[in-house]
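**Q** Handing you this structure, nothing more for now.
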Amino acid sequence: MRRAIHCLLLALIPAAIFLALFHPAILDIGNAGWVLRGADLGENALGMHAWLHDQAAGWSPRTSLLNTPEGTSLLFTDSNPLLGLLAKPFAPLLPADTQLLGAWLLTCCFLQALFAWALLRRHAPGFAALWCGVALLCVLPTWFHRYVHPNLFAHWMILCALWIFADPKRATRLRWWVPLIAIAALVHVYLLLMVAAIWASALFQGFAAVRGAAARRERLRIAGGAVVVLVMVALLGVLHGGGGSFVVTDSYGAFAMPLDALWNPANPGYHTILPAIPQREGRGYEGFQYLGVGILLLLGAAFVIARRFPPAPSEGDVLRRLRWLLPAYAVLLLLAISNFPDIAGHRLPRLPLPGALAPLLDLVRASGRLFWPIAYTLVLIAILAVYRLGKKRAATVLAILLLVQAIDIAPMAGVVRAQTAEADRHRLYVRTLDPRWQPAIAAAHDITFEPADPMLDRQLFEEVAWRAVSIGKPLRVSTTSRIDTRTAARLAGEHARFLAGDLDPRRLYVLLPGAAAPPTARGRVIMLDGTWIILPAAPPQKTAVH
């Protein structure tokens, strides 16, 4: 009976969190309209849509239907290669307008609760204290905040890495780390960095812990395992488009974590208990690290308790192991704050960096995210400290703090849920309603946007691209997290030719704000739903059916 109750709570807690955050209509995999509304959700779903409709792609994680002719990797469209590989065998059975984001978000909720339970179950003094602790590890605002970027909603990977690390036997065994690192590499580079930081700490701890005659052999085994993992990650990276030449944005520091991020909700729309002081552009989203009043009080209570009550032996073992995370966490913290610190929306003096570091740091330009493992570790340590109070008092304290946290972030959850309520309309297109869109796209050999910056009207781009990909028509542009230098050079050349009036007669041009049709387009220009387009002048050549 007790096991059944635990299983029931492992189902009810994530289900309740999911329903508090999202409209259940997002679970309909044939209901794709809610993702095509001009956010990262659309970029994620579009990359997957293109790959599943690109028969020429096969099992390669690249599609030539976006950024043609160079194509692009699923990873750079912020899609989910792991989810794509799982869905590929079933592609012929899936709806034409499949979106898997709702199912992914629900899965992440369940895995978050599962690994929170796994971390705490051997330390909790009682049933209620255990489940209040699990719930607190599942209500960090930073987790809720990432739903727009679904791959990064997988915070459960951080909890899983901590669960592996906390056990000395698991931490030294590759069979635990390899699947997690491979999954992280197939989901998002930032999650891979966070998991890798914890794994590297386990390696250093393992090196230092071995003694005696077998020390050399054990260290060789650990080093050999590390090489195997690094080779695996490198191969996955090359397979998914890493190792190429990409445009350097020089934006490291623009999306860093402000110094007041832990107690500043930043977004006034969230209406939390604490006042929200707007951060500078880029800092309020990527640098968002608000913990919530309940968790802030938890950290304060844990500090007081830790000074008055000694840890239990099992907690002491975990705390000693967690100290090995300090070097890696120091690096993550420095990267998260960057050399361009902010506080309460104000710039602080910028610290110069060597120019040679710019290309390397550009890889983690959204560095504010890198604080997440530190936040989860702090909450874990705090919950373990409260467990020192014993069965009843720990349960009472954690229940009160959980209630405070829920009250504090309820408005935030409401904002998130309101944004997914669009799914209840079950409407695919809202910007491209004119019936002439589809024949115009079908008549083209390929489609481009001028200027080649879909961010100028992201929703329009997503709808036109979705229509095109659905019938196998390639797009010359795309929204990608990394821009290949070859693609950048090609787009610059195509833009110059467009301005000179040198138009491809087989191409459909969609004009974004600020673009005007050249005189050579006379007779081909029409307006659809408030958008000027230049129709192809000649029928397309035969292309392979996608």
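The values are calculated or read from the model by the stated rules, or taken from the named source; none is laboratory data. From a predicted model like this one, the values you see are computed outputs, not experimental measurements. So basically every Cβ, Gly included, is an ideal-geometry build from the backbone, and we count neighbours across all protein chains shown.
**Q** In the range 89-99, is there at least one residue being over 28 Å from Gln419 (Cβ atoms) and among the charged types (D, E, K, R)?
**A** no
**Q** So, one more: In this structure, does Thr420 turn out to be hydroxyl-bearing (Ser, Thr, Tyr), modelled with pLDDT of 95 or more and surrounded by 15 or more Cβ atoms within 10 Å (Cβ to Cβ)?
**A** So Thr420 fails the test.
**Q** Read through the list (1) out of contact with any Gly (no Cβ under 9 Å at 6 or more places or on another chain); (2) touching a residue at least 60 places away in the same chain (Cβ under 8 Å), then give the number of the only condition that Arg121 fails.
**A** Status for Arg121: all satisfied but (2).
**Q** Step by step: first the residues of the range 243-261, then only those that are surrounded by fewer than 19 Cβ atoms within 10 Å (Cβ to Cβ) and under 20 Å from the mean Cα position of the chain (by Cα), then the one that is modelled with the highest pLDDT. Which residue is that?
**A** Among them, the one singled out is Ser251.
**Q** Search the range 44-68 for residues that are not assigned by TED's automatic domain parsing to the domain that holds Ile483 and pair each with any residue that is of a type in the set (D, E, K, R) and surrounded by fewer than 24 Cβ atoms within 10 Å (Cβ to Cβ) when their beta-carbon atoms are under 7 Å apart and the residues are at least 6 apart or on different chains.
**A** Final answer for the pair search is Asn44/Asp78; Gly47/Asp78; Trp59/Lys88; Thr63/Asp54; Ser64/Asp54; Leu65/Asp54; Thr68/Asp446; Thr68/Arg476.
**Q** Which residues, counting only those in the range 92-101, are surrounded by fewer than 19 Cβ atoms within 10 Å (Cβ to Cβ) and assigned to a helix (DSSP H, G or I)?
**A** Matches in the range 92-101: Pro92, Leu93.
**Q** Name every residue in the range 501-534 that is closer than 22 Å to Pro69 by Cβ and part of a loop (DSSP other than H, G, I, E, B), in order of residue number.
**A** Within the range 501-534, Asp502, Leu503, Asp504, Pro505, Arg506, Leu512 qualify.
Yes or no, residue by residue, for (1) under 31 Å from the mean Cα position of the chain (by Cα); (2) part of a helix (DSSP H, G or I); (3) touching a residue at least 12 places away in the same chain (Cβ under 8 Å):
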site	(1), (2), (3)
Ala385	yes, yes, yes
Lys392	no, yes, yes
Thr396	no, yes, no
Pro411	yes, yes, yes
Gly414	yes, yes, no
Asp424	yes, yes, yes
Pro439	no, yes, no
Gln459	yes, yes, yes
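**Q** Considering only the range 191-231, state which residues are surrounded by fewer than 20 Cβ atoms within 10 Å (Cβ to Cβ) and either of a type in the set (Phe, Trp, Tyr) or in contact with a Cys (Cβ under 7 Å, 6 or more places away or on another chain) (or both).
**A** Phe204, Phe207
**Q** Which residues, taken from the range 146-158, are in contact (Cβ under 8 Å) with a residue 60 or more places away in the chain and either surrounded by fewer than 23 Cβ atoms within 10 Å (Cβ to Cβ) or in contact with a Lys or Arg (Cβ under 9 Å, 6 or more places away or on another chain) (or both)?
**A** Tyr147, Val148, His149, Leu152, His155
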